[in-house]
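See structure below.
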Amino acid sequence: MPSHPLVVTSRFDRSDSHTLMGYEATGGYQGLRRALEMAPDAIAQEVRTAGLTGRSGGAAFLTAQKWSLLVDSEPRYLVINGDESEPGFCKDRALMERDPHQLIEGSLICARAIGASQIFLYVRGEMALAQERIASALVEAYDAGYVGADVLGTGWSIDIVLHWGAGAYIVGEETGLIESLEGKRAFPRTKPPYYPTTYGLYMQPTVVNNVETMSVLPWIVLNGGAAFAALGENRSLGTRMFSLSGHVNRPGNYEVELAKLSFRELFESPDYGGGIRNGNALKAFIIGASFPWLGPEHLDLKMDIDATPPAGAPLGSGIVVMDETTCSVRAAWRLVKFYAHESCGQCTPCREGGSWLEKIMYRIESGAGRMEDLDLLMDVCDTISPAVQWPFKWPPSMTTICALGPSIPPSIVSALGMFRDE
(Lines give C-alpha, C1' and ligand atoms only; values in the text may rest on other atoms or scores of the structure.)
Protein backbone atom coordinates (compact mmCIF):
# COMPACT_ATOMS: atom_id res chain seq x y z
CA MET A 1 0.00 0.00 0.00
CA PRO A 2 1.21 3.57 -0.65
CA SER A 3 2.90 5.26 2.32
CA HIS A 4 1.38 8.66 1.54
CA PRO A 5 -2.14 9.69 2.63
CA LEU A 6 -4.92 9.08 0.14
CA VAL A 7 -6.53 12.45 -0.55
CA VAL A 8 -9.32 11.57 -2.99
CA THR A 9 -9.50 7.77 -3.01
CA SER A 10 -9.59 7.00 0.73
CA ARG A 11 -13.20 5.71 0.49
CA PHE A 12 -12.76 3.53 -2.57
CA ASP A 13 -12.60 0.37 -0.47
CA ARG A 14 -16.08 1.02 1.01
CA SER A 15 -19.18 -0.38 -0.66
CA ASP A 16 -21.26 2.58 0.58
CA SER A 17 -18.80 5.30 -0.45
CA HIS A 18 -21.36 6.84 -2.83
CA THR A 19 -24.04 7.32 -0.15
CA LEU A 20 -24.47 10.17 2.30
CA MET A 21 -24.38 7.75 5.23
CA GLY A 22 -21.06 6.30 4.11
CA TYR A 23 -19.64 9.72 3.35
CA GLU A 24 -20.59 11.30 6.67
CA ALA A 25 -19.28 8.25 8.55
CA THR A 26 -15.81 8.98 7.13
CA GLY A 27 -15.69 12.71 7.86
CA GLY A 28 -17.76 13.89 4.92
CA TYR A 29 -18.91 17.53 4.82
CA GLN A 30 -16.68 18.49 7.74
CA GLY A 31 -14.56 20.45 5.26
CA LEU A 32 -17.64 22.37 4.15
CA ARG A 33 -18.56 23.15 7.77
CA ARG A 34 -15.09 24.54 8.35
CA ALA A 35 -15.14 26.48 5.08
CA LEU A 36 -18.42 28.13 6.09
CA GLU A 37 -16.66 29.50 9.17
CA MET A 38 -13.83 30.93 7.06
CA ALA A 39 -13.69 34.07 4.96
CA PRO A 40 -13.70 33.33 1.21
CA ASP A 41 -10.21 34.82 0.87
CA ALA A 42 -8.97 32.52 3.63
CA ILE A 43 -10.20 29.46 1.70
CA ALA A 44 -8.43 30.68 -1.43
CA GLN A 45 -5.27 31.28 0.58
CA GLU A 46 -5.25 27.66 1.82
CA VAL A 47 -5.54 26.47 -1.77
CA ARG A 48 -2.74 28.86 -2.75
CA THR A 49 -0.56 27.52 0.07
CA ALA A 50 -1.31 23.96 -1.09
CA GLY A 51 0.11 24.76 -4.53
CA LEU A 52 -2.83 22.89 -6.06
CA THR A 53 -2.72 22.75 -9.85
CA GLY A 54 -5.39 21.59 -12.27
CA ARG A 55 -5.87 17.81 -12.23
CA SER A 56 -6.93 17.25 -15.83
CA GLY A 57 -4.43 17.54 -18.70
CA GLY A 58 -0.87 18.78 -18.65
CA ALA A 59 -1.27 22.55 -18.25
CA ALA A 60 -0.65 22.42 -14.47
CA PHE A 61 -2.11 25.89 -13.93
CA LEU A 62 -2.39 26.97 -10.29
CA THR A 63 -6.00 26.64 -9.13
CA ALA A 64 -5.96 29.65 -6.78
CA GLN A 65 -4.41 31.79 -9.49
CA LYS A 66 -7.19 30.80 -11.86
CA TRP A 67 -9.75 31.85 -9.27
CA SER A 68 -7.98 35.19 -8.82
CA LEU A 69 -8.51 36.04 -12.49
CA LEU A 70 -12.28 36.41 -12.01
CA VAL A 71 -13.32 39.95 -12.84
CA ASP A 72 -15.15 41.93 -10.17
CA SER A 73 -18.66 41.42 -11.47
CA GLU A 74 -21.77 39.44 -10.54
CA PRO A 75 -23.26 36.94 -10.99
CA ARG A 76 -20.38 34.52 -11.00
CA TYR A 77 -20.65 30.87 -11.94
CA LEU A 78 -18.74 27.69 -11.17
CA VAL A 79 -18.70 25.01 -13.87
CA ILE A 80 -17.36 21.53 -13.13
CA ASN A 81 -15.96 19.74 -16.16
CA GLY A 82 -17.00 16.10 -15.78
CA ASP A 83 -16.74 15.36 -19.50
CA GLU A 84 -13.68 13.14 -19.26
CA SER A 85 -13.21 12.08 -22.87
CA GLU A 86 -9.48 11.68 -23.52
CA PRO A 87 -8.47 8.13 -24.55
CA GLY A 88 -6.88 6.42 -21.56
CA PHE A 89 -8.45 8.77 -18.98
CA CYS A 90 -11.04 7.31 -16.58
CA LYS A 91 -10.09 8.61 -13.13
CA ASP A 92 -12.70 11.40 -12.93
CA ARG A 93 -15.32 8.87 -13.88
CA ALA A 94 -14.30 6.74 -10.89
CA LEU A 95 -14.50 9.75 -8.58
CA MET A 96 -18.01 10.60 -9.79
CA GLU A 97 -19.22 7.03 -9.49
CA ARG A 98 -17.61 6.07 -6.19
CA ASP A 99 -17.43 9.33 -4.21
CA PRO A 100 -19.96 11.84 -5.61
CA HIS A 101 -20.47 13.60 -2.26
CA GLN A 102 -16.77 14.45 -2.15
CA LEU A 103 -17.18 16.17 -5.52
CA ILE A 104 -20.28 18.02 -4.30
CA GLU A 105 -18.54 19.14 -1.11
CA GLY A 106 -15.49 20.35 -3.02
CA SER A 107 -17.70 22.25 -5.45
CA LEU A 108 -19.49 23.96 -2.56
CA ILE A 109 -16.17 24.96 -0.99
CA CYS A 110 -14.98 26.40 -4.31
CA ALA A 111 -18.25 28.28 -4.84
CA ARG A 112 -17.90 29.76 -1.34
CA ALA A 113 -14.32 30.84 -2.08
CA ILE A 114 -15.04 32.56 -5.40
CA GLY A 115 -18.46 33.98 -4.55
CA ALA A 116 -20.32 31.91 -7.14
CA SER A 117 -24.09 32.21 -7.24
CA GLN A 118 -24.67 28.84 -8.91
CA ILE A 119 -22.82 25.61 -9.69
CA PHE A 120 -23.16 23.64 -12.92
CA LEU A 121 -21.95 20.05 -12.94
CA TYR A 122 -21.44 18.85 -16.53
CA VAL A 123 -21.12 15.06 -16.90
CA ARG A 124 -20.22 13.15 -20.06
CA GLY A 125 -23.24 11.67 -21.81
CA GLU A 126 -22.06 8.06 -21.78
CA MET A 127 -21.38 7.99 -18.03
CA ALA A 128 -24.81 6.75 -16.99
CA LEU A 129 -23.73 5.40 -13.59
CA ALA A 130 -21.91 8.63 -12.74
CA GLN A 131 -25.02 10.63 -13.62
CA GLU A 132 -27.19 8.35 -11.48
CA ARG A 133 -24.84 8.46 -8.50
CA ILE A 134 -24.45 12.25 -8.63
CA ALA A 135 -28.19 12.77 -9.00
CA SER A 136 -28.87 10.58 -5.96
CA ALA A 137 -26.13 12.31 -3.99
CA LEU A 138 -27.57 15.72 -4.84
CA VAL A 139 -31.00 14.67 -3.56
CA GLU A 140 -29.37 13.50 -0.31
CA ALA A 141 -27.30 16.69 -0.01
CA TYR A 142 -30.33 18.92 -0.55
CA ASP A 143 -32.37 16.96 2.00
CA ALA A 144 -29.54 17.21 4.55
CA GLY A 145 -29.20 20.97 4.11
CA TYR A 146 -25.76 20.96 2.48
CA VAL A 147 -27.12 22.45 -0.75
CA GLY A 148 -29.96 24.87 -1.39
CA ALA A 149 -31.35 27.75 0.66
CA ASP A 150 -29.68 28.71 3.95
CA VAL A 151 -26.95 26.03 3.86
CA LEU A 152 -26.52 24.56 7.37
CA GLY A 153 -28.29 27.62 8.82
CA THR A 154 -25.54 30.02 7.77
CA GLY A 155 -27.66 32.22 5.53
CA TRP A 156 -25.62 31.23 2.49
CA SER A 157 -27.62 29.75 -0.40
CA ILE A 158 -26.38 27.88 -3.45
CA ASP A 159 -27.88 25.56 -6.06
CA ILE A 160 -26.20 22.84 -8.11
CA VAL A 161 -27.45 22.04 -11.61
CA LEU A 162 -26.59 18.59 -12.98
CA HIS A 163 -26.26 18.62 -16.76
CA TRP A 164 -25.06 15.86 -19.04
CA GLY A 165 -23.83 16.11 -22.57
CA ALA A 166 -24.21 13.95 -25.63
CA GLY A 167 -20.70 12.52 -25.79
CA ALA A 168 -18.74 15.16 -27.71
CA TYR A 169 -15.00 15.11 -26.99
CA ILE A 170 -14.70 18.79 -27.82
CA VAL A 171 -16.80 19.63 -24.76
CA GLY A 172 -13.72 18.83 -22.70
CA GLU A 173 -12.40 22.22 -23.87
CA GLU A 174 -13.76 24.70 -21.34
CA THR A 175 -15.29 27.22 -23.74
CA GLY A 176 -16.82 24.43 -25.82
CA LEU A 177 -18.36 23.09 -22.62
CA ILE A 178 -19.77 26.53 -21.83
CA GLU A 179 -21.31 26.76 -25.30
CA SER A 180 -22.93 23.36 -24.76
CA LEU A 181 -24.27 24.42 -21.37
CA GLU A 182 -25.89 27.40 -23.05
CA GLY A 183 -27.72 25.03 -25.41
CA LYS A 184 -25.56 25.72 -28.43
CA ARG A 185 -23.27 23.62 -30.56
CA ALA A 186 -19.99 23.01 -28.70
CA PHE A 187 -17.74 25.27 -30.78
CA PRO A 188 -14.77 26.49 -28.69
CA ARG A 189 -14.59 30.26 -28.38
CA THR A 190 -11.70 32.42 -29.51
CA LYS A 191 -9.39 33.46 -26.68
CA PRO A 192 -8.97 36.37 -26.26
CA PRO A 193 -11.46 37.86 -25.57
CA TYR A 194 -13.56 34.93 -24.32
CA TYR A 195 -11.57 33.81 -21.32
CA PRO A 196 -14.14 32.20 -19.00
CA THR A 197 -13.00 34.21 -15.99
CA THR A 198 -14.09 37.32 -17.90
CA TYR A 199 -16.72 36.18 -20.40
CA GLY A 200 -17.87 32.71 -19.41
CA LEU A 201 -21.29 31.13 -18.97
CA TYR A 202 -23.97 33.54 -20.18
CA MET A 203 -21.09 36.02 -20.70
CA GLN A 204 -20.58 36.24 -16.92
CA PRO A 205 -17.33 35.56 -15.00
CA THR A 206 -16.94 31.80 -14.68
CA VAL A 207 -14.46 29.38 -13.19
CA VAL A 208 -14.16 26.00 -14.93
CA ASN A 209 -12.45 23.28 -12.89
CA ASN A 210 -12.35 19.54 -13.35
CA VAL A 211 -13.66 16.81 -11.06
CA GLU A 212 -10.45 15.79 -9.30
CA THR A 213 -9.46 19.40 -8.63
CA MET A 214 -12.76 19.92 -6.80
CA SER A 215 -12.51 16.58 -4.98
CA VAL A 216 -9.19 17.61 -3.40
CA LEU A 217 -10.62 20.72 -1.72
CA PRO A 218 -12.33 19.08 1.32
CA TRP A 219 -9.02 17.48 2.34
CA ILE A 220 -7.12 20.76 1.94
CA VAL A 221 -9.62 22.72 4.03
CA LEU A 222 -9.66 20.08 6.79
CA ASN A 223 -5.91 19.40 6.92
CA GLY A 224 -4.53 22.72 5.73
CA GLY A 225 -2.77 23.76 2.56
CA ALA A 226 0.64 23.22 4.14
CA ALA A 227 -0.13 19.53 4.74
CA PHE A 228 -0.97 19.09 1.06
CA ALA A 229 2.14 21.01 -0.01
CA ALA A 230 4.25 18.72 2.20
CA LEU A 231 3.49 15.93 -0.29
CA GLY A 232 5.45 15.94 -3.54
CA GLU A 233 8.32 18.25 -4.46
CA ASN A 234 9.01 21.59 -6.14
CA ARG A 235 5.96 22.59 -8.22
CA SER A 236 4.57 19.04 -8.20
CA LEU A 237 2.76 19.13 -4.90
CA GLY A 238 0.21 16.79 -3.36
CA THR A 239 -1.14 13.57 -4.77
CA ARG A 240 -2.74 12.97 -8.14
CA MET A 241 -4.80 10.24 -9.71
CA PHE A 242 -3.54 8.47 -12.83
CA SER A 243 -5.37 6.05 -15.08
CA LEU A 244 -2.96 3.27 -16.03
CA SER A 245 -4.06 1.12 -18.96
CA GLY A 246 -2.66 -0.95 -21.80
CA HIS A 247 -0.21 -3.80 -21.50
CA VAL A 248 0.29 -4.02 -17.73
CA ASN A 249 -0.85 -6.78 -15.42
CA ARG A 250 -2.82 -4.49 -13.11
CA PRO A 251 -4.48 -1.68 -15.06
CA GLY A 252 -6.49 0.71 -12.93
CA ASN A 253 -6.73 4.12 -11.30
CA TYR A 254 -3.95 4.91 -8.84
CA GLU A 255 -3.42 7.88 -6.54
CA VAL A 256 0.29 8.62 -6.27
CA GLU A 257 2.44 11.23 -4.59
CA LEU A 258 3.79 13.53 -7.28
CA ALA A 259 7.53 13.68 -8.02
CA LYS A 260 8.27 10.64 -5.85
CA LEU A 261 7.46 7.81 -8.25
CA SER A 262 9.08 7.01 -11.60
CA PHE A 263 7.20 5.57 -14.55
CA ARG A 264 9.23 2.38 -14.14
CA GLU A 265 7.97 2.03 -10.56
CA LEU A 266 4.39 2.77 -11.63
CA PHE A 267 4.50 0.08 -14.30
CA GLU A 268 6.40 -2.58 -12.35
CA SER A 269 5.48 -2.17 -8.67
CA PRO A 270 3.07 -4.82 -7.34
CA ASP A 271 1.15 -1.97 -5.71
CA TYR A 272 0.50 -0.41 -9.11
CA GLY A 273 0.93 -1.87 -12.62
CA GLY A 274 2.48 -5.18 -11.57
CA GLY A 275 4.78 -5.40 -14.58
CA ILE A 276 4.38 -5.61 -18.35
CA ARG A 277 2.01 -8.39 -19.44
CA ASN A 278 3.44 -11.81 -20.28
CA GLY A 279 6.93 -10.60 -19.33
CA ASN A 280 7.20 -8.66 -22.58
CA ALA A 281 9.48 -5.69 -23.11
CA LEU A 282 8.15 -2.15 -23.15
CA LYS A 283 7.91 -0.57 -26.59
CA ALA A 284 6.46 2.87 -25.84
CA PHE A 285 4.05 4.62 -23.52
CA ILE A 286 1.80 7.64 -23.73
CA ILE A 287 1.14 10.02 -20.81
CA GLY A 288 -1.75 11.72 -22.61
CA ALA A 289 -3.28 10.59 -25.89
CA SER A 290 -2.70 13.98 -27.50
CA PHE A 291 0.96 14.07 -26.41
CA PRO A 292 4.10 12.65 -28.07
CA TRP A 293 5.03 9.09 -27.18
CA LEU A 294 7.82 8.23 -24.76
CA GLY A 295 10.14 5.23 -25.00
CA PRO A 296 11.99 2.83 -22.65
CA GLU A 297 14.71 5.47 -22.19
CA HIS A 298 12.17 7.61 -20.32
CA LEU A 299 11.14 4.97 -17.78
CA ASP A 300 13.14 6.52 -14.96
CA LEU A 301 11.61 9.96 -15.33
CA LYS A 302 9.77 11.03 -12.19
CA MET A 303 6.04 11.70 -12.43
CA ASP A 304 6.73 15.40 -12.05
CA ILE A 305 5.06 18.24 -13.99
CA ASP A 306 8.51 19.73 -14.72
CA ALA A 307 10.33 16.46 -15.52
CA THR A 308 8.36 15.26 -18.53
CA PRO A 309 8.12 18.39 -20.76
CA PRO A 310 11.88 18.35 -21.59
CA ALA A 311 11.28 14.81 -22.89
CA GLY A 312 8.60 16.20 -25.20
CA ALA A 313 5.34 15.65 -23.33
CA PRO A 314 3.58 17.32 -20.39
CA LEU A 315 2.31 15.12 -17.58
CA GLY A 316 -1.21 13.99 -18.39
CA SER A 317 -3.44 11.81 -16.23
CA GLY A 318 -3.97 8.90 -18.61
CA ILE A 319 -1.00 6.59 -19.16
CA VAL A 320 -1.22 3.93 -21.88
CA VAL A 321 1.49 1.25 -21.98
CA MET A 322 2.40 -0.51 -25.24
CA ASP A 323 4.53 -3.63 -25.18
CA GLU A 324 6.78 -5.04 -27.92
CA THR A 325 3.88 -6.78 -29.66
CA THR A 326 2.15 -3.47 -30.43
CA CYS A 327 1.83 -2.38 -34.04
CA SER A 328 2.87 1.29 -33.98
CA VAL A 329 1.06 1.98 -37.26
CA ARG A 330 -2.22 0.65 -35.93
CA ALA A 331 -1.83 2.46 -32.60
CA ALA A 332 -1.16 5.79 -34.32
CA TRP A 333 -4.00 5.26 -36.78
CA ARG A 334 -6.50 4.55 -33.99
CA LEU A 335 -5.55 7.76 -32.18
CA VAL A 336 -5.73 9.82 -35.37
CA LYS A 337 -9.09 8.28 -36.21
CA PHE A 338 -10.43 9.28 -32.80
CA TYR A 339 -9.38 12.92 -33.11
CA ALA A 340 -10.54 13.19 -36.72
CA HIS A 341 -13.95 11.88 -35.69
CA GLU A 342 -14.20 14.22 -32.69
CA SER A 343 -13.22 17.43 -34.51
CA CYS A 344 -16.05 19.97 -34.18
CA GLY A 345 -15.35 21.15 -37.73
CA GLN A 346 -14.97 24.83 -36.90
CA CYS A 347 -11.33 25.15 -38.04
CA THR A 348 -10.22 24.00 -41.50
CA PRO A 349 -6.76 22.60 -40.56
CA CYS A 350 -8.33 20.33 -37.94
CA ARG A 351 -11.47 19.40 -39.90
CA GLU A 352 -9.72 18.65 -43.21
CA GLY A 353 -6.24 17.75 -42.02
CA GLY A 354 -7.45 15.25 -39.46
CA SER A 355 -9.57 13.41 -42.02
CA TRP A 356 -6.72 13.36 -44.55
CA LEU A 357 -4.29 11.96 -41.99
CA GLU A 358 -6.78 9.27 -40.99
CA LYS A 359 -7.25 8.21 -44.63
CA ILE A 360 -3.50 8.00 -45.26
CA MET A 361 -2.91 6.06 -42.04
CA TYR A 362 -5.70 3.64 -42.91
CA ARG A 363 -4.16 3.12 -46.35
CA ILE A 364 -0.81 2.23 -44.76
CA GLU A 365 -2.39 0.00 -42.12
CA SER A 366 -4.43 -1.88 -44.73
CA GLY A 367 -1.32 -2.69 -46.78
CA ALA A 368 -1.80 -0.23 -49.64
CA GLY A 369 0.66 2.40 -48.42
CA ARG A 370 3.23 4.08 -50.62
CA MET A 371 6.68 5.31 -49.62
CA GLU A 372 5.69 8.87 -50.46
CA ASP A 373 2.91 8.60 -47.87
CA LEU A 374 5.46 9.05 -45.08
CA ASP A 375 6.48 12.49 -46.33
CA LEU A 376 2.85 13.30 -47.09
CA LEU A 377 1.92 12.56 -43.49
CA MET A 378 4.56 14.97 -42.21
CA ASP A 379 3.48 17.62 -44.71
CA VAL A 380 -0.14 17.50 -43.52
CA CYS A 381 0.99 17.46 -39.89
CA ASP A 382 3.07 20.56 -40.60
CA THR A 383 0.00 22.30 -42.04
CA ILE A 384 -1.99 21.61 -38.88
CA SER A 385 0.88 22.41 -36.50
CA PRO A 386 3.66 24.33 -38.30
CA ALA A 387 7.30 23.35 -37.79
CA VAL A 388 6.31 20.00 -36.27
CA GLN A 389 9.25 17.58 -36.15
CA TRP A 390 10.82 14.70 -34.27
CA PRO A 391 12.00 14.92 -31.53
CA PHE A 392 8.74 16.66 -30.71
CA LYS A 393 8.94 20.17 -29.25
CA TRP A 394 6.24 20.97 -26.69
CA PRO A 395 4.00 22.94 -26.79
CA PRO A 396 3.06 22.58 -30.47
CA SER A 397 2.32 25.59 -32.64
CA MET A 398 -1.35 26.14 -33.46
CA THR A 399 -3.41 27.11 -36.47
CA THR A 400 -6.73 26.37 -34.77
CA ILE A 401 -8.94 27.97 -32.11
CA CYS A 402 -8.45 25.16 -29.59
CA ALA A 403 -5.85 22.45 -29.02
CA LEU A 404 -7.71 19.59 -30.74
CA GLY A 405 -6.00 20.28 -34.08
CA PRO A 406 -2.45 20.13 -32.67
CA SER A 407 -3.47 16.97 -30.77
CA ILE A 408 -3.61 15.03 -34.05
CA PRO A 409 0.03 15.13 -35.27
CA PRO A 410 1.88 13.91 -32.11
CA SER A 411 1.01 10.22 -32.51
CA ILE A 412 1.98 10.23 -36.21
CA VAL A 413 5.19 12.18 -35.65
CA SER A 414 6.06 9.89 -32.72
CA ALA A 415 5.37 6.67 -34.65
CA LEU A 416 7.41 7.93 -37.62
CA GLY A 417 10.25 9.17 -35.42
CA MET A 418 10.48 6.07 -33.24
CA PHE A 419 9.37 3.29 -35.59
CA ARG A 420 9.78 4.53 -39.15
CA ASP A 421 10.84 1.08 -40.33
CA GLU A 422 7.39 -0.25 -39.43
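The values are calculated or read from the model by the stated rules, or taken from the named source; none is laboratory data. These numbers come from a predicted model, not from an experiment. All Cβ positions, even for glycine, are placed from backbone atoms using ideal geometry, and neighbour counts span all protein chains on display. Only protein heavy atoms, including side chains, enter the accessible area calculation; ligands, DNA and RNA are left aside. Shrake-Rupley method; radii C 1.70, N 1.55, O 1.52, S 1.80 Å.
Filter the range 216-233 for residues that are buried (at least 21 other Cβ atoms within 10 Å of the Cβ) and in contact with a Lys or Arg (Cβ under 8 Å, 6 or more places away or on another chain) and give the result.
Residues satisfying the conditions are V216, V221, G225, G232.
Answer yes or no as to whether L282 is under 22 Å from A94 (Cβ atoms), of a type in the set (A, V, I, L, M) and at pLDDT 95 or above.
Values: under 22 Å from A94 (Cβ atoms): no; of a type in the set (A, V, I, L, M): yes; at pLDDT 95 or above: yes.
The answer is no for L282.
Does at least one position in the range 188-195 carry a residue that is in contact (Cβ under 8 Å) with a residue 12 or more places away in the chain and assigned to a helix (DSSP H, G or I)? Please lay out each step first, then the result.
At the first step, the residues of the range 188-195 found to be in contact (Cβ under 8 Å) with a residue 12 or more places away in the chain are 188-191, 194-195.
Still in the running and assigned to a helix (DSSP H, G or I): none.
No: zero hits.
Hey, which of the helices (runs of 4 or more DSSP H) in the range 39-148, taking only ones fully inside, have at least 3 residues that are small (G, A, S) and either open to solvent by less than 10 Å² (accessible area, probe 1.4 Å) or in contact (Cβ under 8 Å) with a residue 60 or more places away in the chain (or both)?
On the way: elements: 40-50, 63-68, 91-98, 100-114, 128-143.
Ranges flagged: 100-114, 128-143.
Hey, any hits in the range 291-299 for a residue that's outside any helix (DSSP H, G or I), under 30 Å from I401 (Cβ atoms) and open to solvent by 40 Å² or more (accessible area, probe 1.4 Å)?
Residues of the range 291-299 outside any helix (DSSP H, G or I): 291-295, 299.
With under 30 Å from I401 (Cβ atoms) added as a condition, the list becomes 291-294.
Next, only the ones that are open to solvent by 40 Å² or more (accessible area, probe 1.4 Å) stay: none.
No, there is no match, as no residue in the range 291-299 is outside any helix (DSSP H, G or I), under 30 Å from I401 (Cβ atoms) and open to solvent by 40 Å² or more (accessible area, probe 1.4 Å).
Under the condition of being in contact with a Ser or Thr (Cβ under 8 Å, 6 or more places away or on another chain) and among the β-branched types (V, I, T), which residue from the range 188-215 is surrounded by the most Cβ atoms within 10 Å (Cβ to Cβ)? I'd like the intermediate steps shown before the answer.
The first filter runs over the range 188-215 and keeps only residues in contact with a Ser or Thr (Cβ under 8 Å, 6 or more places away or on another chain), leaving 188-189, 191, 194, 196-197, 200, 204-207, 209-210, 212-214.
Narrowing further to those that are among the β-branched types (V, I, T): 197, 206-207, 213.
Values: T197: 17, T206: 26, V207: 24, T213: 23.
Once the filter is applied, the top-ranked residue is T206.
Restricting the range 323-343 to residues that are open to solvent by less than 30 Å² (accessible area, probe 1.4 Å) and part of a loop (DSSP other than H, G, I, E, B), which is nearest to R264 (Cα to Cα)?
T326
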